[in-house]
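What follows is calculated from the coordinates using simple rules that are stated; it is not laboratory data. If you're wondering where the values come from, they're calculated on a predicted model, not measured in any experiment. Cβ coordinates were reconstructed from backbone atoms using ideal geometry, including for glycine residues, and neighbour counts include every protein chain displayed.
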Amino acid sequence: MSIYLDIEKRLGDFCLKVSLEAGNEVVSLLGASGCGKSMTLKCIAGIEKPDRGRIVVNDTVLFDSEKRINLPSQKRRAGLMFQNYALFPNMTVWQNIYTGTNRYRDKKIRQEKTREILERFDLTELKERLPSRISGGQQQRTALARILVSEPELLMLDEPFSALDSHLRFRMEQETRKIIREFGKTVLVVSHDRDEVFRLSDRIAVMNNGKVDVYGDRTAVFADPGTRNACMLTGCKNISPIRKLDEHRVLATDWGLVLETGKEVGDASYVGIRHHDANGESPENRFLCDVVSVTENPFSYTVMLRHADHPEAGAFGWELDKAAWQSVQSDRVEIQIPKKAIMLLKQ
Amino acid sequence: MDLYPLWNSLRIAGISTVIIFFVGIFAAYYIAKIPRVIKGILDVILTMPLVLPPTVVGYLLLRVLGPKHTIGAWFLETFGIRLTMTWWSAVFATTVVIFPLMYRTARGAFESFDETLAYSGKTIGLSGPFIFWRIRIPYCKQGLIAGTVLAFARALGEYGATSMIAGYTPGRTATISTTVYQLWRTDNDALALKWVLVNLAISFVVLLAVNMVEKKERKRAG
């Protein structure tokens, strides 16, 4: 294991209690704002001190409350890139990156390291500029270069793209993905953007109210989020409480739909269905629905449906591309929800 | 016109400003870090000289530094030095009076500091002193300069506490402000006016400097 983390920290009513292990891979912490994901990174970096627990990175104990070990940030070699990049405003791009080489005493080596990374990050031409005189994307590159030149054992990115305009975002994401792959050690990314998280990471830890709710392979987490919160964070908008009828049948009480499930219901108390999962071909889970409303998106339609037999029930959403809806277009449609599209969720 | 008062005023103000530059910055930096209740109390005590009448400050200083009182007596006994009625006695008075000006502006400047800069500095291995002198101070530079200039200007104009602790001896402890009072009292109106004009000129230049610094600050922020 490259990183082992098991910490607790109280902050007023809020209680952070995170356990996590990861190898040389990219792990994302996905969660709503205030769930404790940034605080977790700060605890690892030594900016915040946990009340209790243990943090180990590559066999170095950074923090251990029982053995009273609490390495200062300077000795942790845990690189943390802040949301605003935290470049020193009074220093040029060169000086900013040069400060990251302070591990070395020899000036020549420091200059050489700075030169190399400037070249690698395509920043050589900007080296005399102040951070306020370069673009958001260039600022991010400078911040990453400054961290990597300090030779960290672990790289942490806190909402890396949230300060960028949307057109820059995608390009920087591609660049960053390449950089963190080359880094080859553990990378922790904090984000609330499910698409970004899916594209960047190997594994995803979904956080809720200070705890890791679900932790697993990225595809597994999206296919079967397991909890209501994780399901919402992975972008599912159709979630309803259920009443269990038998091990493979539930009543989704919000929508008045009796659904056949693939998996055993167990102690699940909610069900989630993704917006695009309502056009299967199988015989089960077929429902005649009234169209409540149609909303046009740039490249698709969102159609709100209600079970035709239950006019008092709530509506659920169905998303389909423009051509598909234009060929259907009616006040009443028959849908089919595949068994494997039904996600059983715990509270 | 004997220029001794001008020279004396400038050196008293200069010395106390240098002292207060460091003391004010360190007080502002460390007091920001201590628990809230103690901070509140300390803050009130340290700001007090700003609102107290200078004569009260002078009185209190004499109670401590006067030749018949604790520290003053001890100095006189041990080193044979009188802490009052010399030109540098006035430094005690101006230092105490201008301290809150520096302390409060420095605190305001430090409070506007983006703490993530210090955090990210630490995580890439930078030492505390490096972060303080090369990142925090430059970041807060404009505010600190404004505070220093303001403190200097106030020190130059100090009268009440200075006249009590250093008195008025022409050619020895006379400052611009005590000279103006003395000349006016002795009906030497023409000379008093000259000193008044000197003082006005200095204050004008100093306040102009403060405004220019603050303008630059706004430009940078906006």
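Numerical summary
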| read-out | value |
| --- | --- |
| Fewest-first ranking of A:191, A:300, using other Cβ atoms within 10 Å as the exposure measure | A:300, A:191 |
| Inter-chain Cβ neighbour average for residues A:83-91, partner chain, 10 Å | 5 |
| Förster-model FRET efficiency, 25 Å R0, residue A:339 and residue A:21, C-beta, rounded to 0.05 | 0.15 |
| Region A:101-143 shape via C-alpha gyration tensor axes, a/c threshold 1.5 | prolate |
| C-alpha long axis of helix B:54-65 to longest principal axis of chain B, angle in ° | 90 |
| Projected label distance in nm at residue A:308 and residue A:105, using a 7 Å step from Cα toward the beta-carbon | 8.4 |
| Under 5 Å, built H, 5+ apart or other chain: amide partners of residue A:156 | A:79, A:80, A:81, A:188 |
| Residues with amide H under 5 Å from that of residue A:213, placed H, sequence gap 5 or more | A:206, A:207, A:208 |
| Residue A:292 long-range amide H proximity, modeled H, under 5 Å | A:304, A:305, A:306 |
| Value at 222 nm in deg cm²/dmol, rounded to 500, when DSSP H runs of n ≥ 4 in chain B each add -39,500 (n - 2.57) | -24500 deg cm²/dmol |
| Label point distance in nm, residue B:215-residue A:75, each placed 7 Å from Cα along Cα→Cβ | 5.1 |
| Using alpha-carbon coordinates, inclination of helix B:141-156 to the longest axis of chain B, degrees | 10 |
| Exposed GluC sites (Glu not before Pro) absent: longest stretch of chain A, with sites in DSSP loops and at most 11 other Cβ within 10 Å deemed exposed | A:129-246 |
| Crossing angle, helix B:89-111 versus chain B [Cα axis fit, 0-90 degrees, rounded to tens] | 20 |
| Residues A:171, A:76, A:103 arranged by fewest to most Cβ contacts within 10 Å | A:171, A:103, A:76 |
| Inter-part distance where region A:263-298 and region A:26-102 are each reduced to a Cα centre, Å | 43 |
| Residue-averaged 222 nm ellipticity for chain A, from DSSP H runs of 4+ at -39500 (n - 2.57), nearest 500 | -7500 deg cm²/dmol |
| Footprinting exposure proxy for A:318, A:325 (fewest neighbouring C-beta atoms within 10 Å first) | A:325, A:318 |
| Sites residue B:75 and residue B:4, calculated FRET efficiency, Cβ-Cβ separation with R0 30 Å, nearest 0.05 | 0.70 |
| Selection of trypsin sites (Lys or Arg not before Pro), region B:31-83, meeting DSSP coil and at most 12 other Cβ within 10 Å | B:33, B:68 |
| Cα gyration tensor shape for region B:78-222, rounded if a/c is under 1.5, else prolate or oblate | oblate |
| Karplus 3J(HN,Hα) series, Hz, for region A:332-342 with 6.51 cos²θ - 1.76 cosθ + 1.60 (x for Gly, Pro) | 9, 10, 9, 10, 9, 9, x, 4, 6, 7, 8 |
| Added length on full extension, which subtracts the Cα-Cα distance from 0.36 nm per residue, residue A:135 to residue A:177 | 13.2 nm |
| Estimated inter-spin distance, residue A:292 and residue B:56, nm [label 7 Å along Cα→Cβ] | 6.9 |
| Backbone N under 13 Å from the residue B:114 label point (7 Å along Cα→Cβ), restricted to region B:126-159 | B:136, B:139-140 |
| Cα centre as origin, Lys/Arg/Asp/Glu Cβ charges: region B:9-93 dipole, Debye | 100 |
| Computed E for residue A:332/residue A:8 - FRET, C-beta separation, R0 45 angstrom, nearest 0.05 | 0.25 |
